[in-house]
Amino acid sequence: MSTKKTLFDKVWDSHVVHHIENGPDVLFIDRHMVHEVTSPVAFLGIKDRGIRVMYPEKTFATADHNTPTINQHLPVADPLSANQLRALEENSNEYGISYWGLGHEKNGIVHVVGPEYGITQPGATIVCGDSHTSTHGAFGAIAFGIGTSEVEMVLATQCIMQTKPKSMRITVNGSLSKAVTPKDVALYIISQLTTSGATGYFVEYAGEVFRNMSMEGRMTVCNLSIEMGARGGMIAPDEKTFEYVKGREFTPEGAAWDKAMTYWESLVTDEGAEYDKEVVFDAADIEPMITYGTNPGMGIGISHGIPVAESLEGGVATYKKSLQYMDFHEGDSMIGKRIDFVFLGSCTNGRIEDFRAFTSLIKGRQKADHVTAWLVPGSHKVEAAIKEEGLLDILTDAGFELREPGCSACLAMNDDKVPAGKYAVSTSNRNFEGRQGPGSRTLLASPLVAAAAAVTGKVTDPRELMEFETA
Amino acid sequence: MAYDKFNILTSSAVPLPIENVDTDQIIPARFLKATERKGFGDNLFRDWRYNADNTPKENFVLNNPIYSGKILVGGKNFGSGSSREHAAWAVYDYGFRCVVSSFFADIFRNNCLNIGVLPVQVSAEFLDKIYKAIETDPNTELEISLPDQTITIKATGAKESFDINDYKKANMLNGFDDIDYLLNIKEDIREFALDRPL
């Protein structure tokens, strides 16, 4: 067997406490994030067993999934939601876990605040009871979502039992065209691989496109790894990564920083290391993307028509059921379709760069009258930056309002629900039936495509609204 | 928590021949507000099963009395999407002990194994055979033998084997969970944690 290791091998292998023959590895977890929805039953579990949290300083709690995005200073009206939030606070206090609840200055979406405060670090193993934990892979961490039984395992023993996934490298060469964002790159890859194309694999993203991408862009890409079925995706850390991490609250300092850097700088795939699967794409083939169906693999370049069922590999009946739900037809153009809602936010696209992109396009224009727009920052830190950079003034002038941080309409656990039959252009991550409210219809897209829809009231190619710069 | 032991299950099955059944269909997010693990079965496939006014949708399979049993047979890529274990809880709480499909999403599969629901992955051809057998006779029985790692359509004798690793198989046969194992090696974990670079 080759001694050459991939980035993924290096991080995984260094965290294996025990290997069970024809069974899983016992994997040590460096950072554990919890939120209100998937943790209460895990806390009940350790309580029932009469045990304590083994390393409370390695677990971080924030409330995000089930929180209102207006009037956060008032008591939460829904009694079930309030109860769940209270349980997280009580459990955090009981077990000595850091807790950033509603109203806390550091509160926000778990995958936004983790990187913001330096909890997310290269080469770490990071888990959370949330499938978009893959976001943290942008730093060269092995980060993935787990179920509540596994949350209980981490609380109890700081370990989980996992069979090592196979490895896949996705390389995108070349440079991105105008108005093509990290979200488009991810939606393009998913459309090519399908939503189960990477199931059983852990992905490493490589090539010029990801090297040139900002840390926030890399987070968007890694975030969507789960939507192609992968447990996670990661990008080798580089100067950009170290620069981002440096000086944050939970980042090591002094001698600890030097020790960490020695480890972090070793986190590259060895020349000649082999992957179980390799996929290569060309950046020139990617244009602004939009989805037309009920899974994230059903995406197309915005200027293309909806594919005919027979041209696809999947089952025809399932495909037709999906289009029927959306009330779209094979061969339809997406451009010009009337939309009702726009959602800018989520752990996929709720960071400051996303708000900058959205604002750059709506500047000097007006929100379409019939469109309801929910602009939801990923955290209070993002919210503060929106105000400091003057983006809020531009948004306000254009007829938009800013809400308070949370997961919001991405999964519509709170009141931010798109009504049945209505269309939402959404910067979030899933367009499943009813995801944004029972009967809602979701078109996933980038912040630029969302902005173009918000001001025109219909699906619009953002390039038509952007002044062309000379290269 | 420890769960039911699984050995041999013989039961009729409920067919759901749809691909990419995601966890938002299995249990919509608005039903994830509980702080205890109970009652999720009522909301299994909520929006496929009930109209907005809570009346049952007659054409959905769970509302069709000719289908019943402890085995759910779903299409390819079953359980994609969220990590919510609530999806597996809902399947269990409704009364299913086994889900058969030609392909499972990773986290859903793990979640099932962690609560004692057996995910059985079969070939696309065998999945078709199961659907045909149920179409011919809704009371047709499947036999799932965990010790032998086989699934059999009793009426035709058609049989296929399925994979499960030895560790998880032993856990399911005995009703053990991973935490029992991990708590036993806690000292090794403590030692391992001593010299982490982060």
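Normalised by the number of residues in the stretch A:289-462, the average gap of Cα pairs under 8 Å and 6 or more apart makes the relative contact order 29 percent. Annotation: for a label point projected 7 angstrom from Cα along Cα→Cβ of A:THR171, residues of the stretch A:276-294 with backbone N closer than 16 Å are A:276-284. Partners of A:LYS367 within straight-line reach, counting aspartates and glutamates whose Cα lies under 17 Å from its Cα and excluding those fewer than 8 residues away in the same chain: A:ASP340, A:ASP393, A:ASP397, A:GLU401, A:ASP461, A:GLU464. Each residue, A:SER214 and A:THR372, gets one label point 7 Å from its Cα in the Cβ direction; the gap between the two is 3.0 nm.
Compared with the alpha-carbon gap, the fully stretched path from B:ASN7 to B:ASP195 is longer by 63.5 nm at 0.36 nm per residue. Relative to the current alpha-carbon distance between A:LEU465 and A:GLU94, full extension at 0.36 nm per residue lengthens the span by 128.2 nm. Among the GluC sites (Glu not before Pro) in the stretch A:413-470, those placed in a DSSP loop whose Cβ has at most 15 other Cβ atoms within 10 Å are A:GLU467, A:GLU469. Scaling against 2.2 N^0.38 Å puts the C-alpha radius of gyration of the stretch A:299-342 at 1.20. With θ taken as phi - 60° and the Karplus curve 6.51 cos²θ - 1.76 cosθ + 1.60 applied, the whole-hertz 3J(HN,Hα) list for the stretch A:327-343 is 6, 10, 10, 4, x, 4, 7, 7, 4, x, 5, 5, 10, 10, 10, 10, 10 Hz, x standing for glycine and proline. With contacts taken as Cα pairs under 8 Å and at least 6 residues apart, chain B reaches a relative contact order of 26 percent. Translational diffusion coefficient of the stretch A:7-277 (Stokes-Einstein, Kirkwood radius from Cα pairs, 4 °C, 1.567 mPa s): 67 µm²/s.
Computed over the stretch A:96-233, the convex hull of the alpha-carbon atoms projects to a mean area of 9.4 nm². For the stretch A:233-327, the Kirkwood hydrodynamic radius comes to 18.2 Å, computed from all pairs of different C-alpha atoms. With a threshold of 27 Å on the Cα-Cα distance, the over-threshold entries among A:LYS320/A:LYS458; A:LYS166/A:LYS320; A:LYS166/A:LYS259 are A:LYS166/A:LYS320; A:LYS166/A:LYS259. How much of the calculated P(r) for the stretch A:289-462 lies past 25 Å, in percent of all Cα pairs? Beyond 25 Å sits 28 percent of the P(r) for the stretch A:289-462. Stretched out straight at 0.36 nm per residue, the stretch from A:LYS178 to A:ASP327 would grow longer than its current Cα-Cα span by 50.6 nm. Across every direction, the projection of the convex hull enclosing the Cα atoms of chain A has a mean area of 22.9 nm². If you take the square roots of the eigenvalues of the alpha-carbon gyration tensor of chain B and sort them as a ≥ b ≥ c, do you get rounded (a/c under 1.5), prolate (a/b over b/c) or oblate? Taking the square roots of the gyration eigenvalues as a ≥ b ≥ c, chain B is oblate. Using a Gaussian network model of chain B whose springs link C-alpha atoms within less than 10 Å, name the residue from B:ILE144, B:ILE179, B:ILE164 with the highest mean-square fluctuation. Comparing B:ILE144, B:ILE179, B:ILE164 in the GNM, the peak value goes to B:ILE179. In order along the stretch A:261-273, the Karplus-derived 3J(HN,Hα) couplings, from 6.51 cos²θ - 1.76 cosθ + 1.60 at θ = phi - 60°, round to 4, 4, 5, 4, 6, 8, 8, 10, 6, 5, 4, x, 5 Hz, and Gly and Pro are given as x.
Peptides B:55-64, B:129-138, A:85-94, A:184-193 ranked from most to least packed by the mean count of surrounding Cβ atoms within 10 Å: A:184-193, A:85-94, B:129-138, B:55-64. Expressed to the nearest 5 percent, the antiparallel share of DSSP beta bridges inside chain A is 25 percent.
Within 10 Å of the Cβ of each residue in B:31-39, the mean number of Cβ atoms contributed by other protein chains is 6. Remark: for residue pairs A:LYS417/B:LYS57; A:LYS321/B:LYS169; A:LYS183/A:LYS277; A:LYS4/B:LYS76; B:LYS38/B:LYS76, the C-alpha separation exceeds 25 Å in A:LYS321/B:LYS169; A:LYS4/B:LYS76; B:LYS38/B:LYS76. When Rg and the Kirkwood Rh are both derived from Cα coordinates, the Rg/Rh ratio for the stretch B:21-124 amounts to 0.94. Taken residue by residue and averaged, Cβ atoms of other chains lying within 10 Å of the Cβ of B:184-197 number 5.
Just so you know, all these numbers are worked out from the coordinates, no wet-lab data involved. Because the structure is predicted, anything quoted here is derived from the model rather than measured. We place every Cβ from the backbone using ideal geometry, glycine too, and count neighbours over all the protein chains shown.
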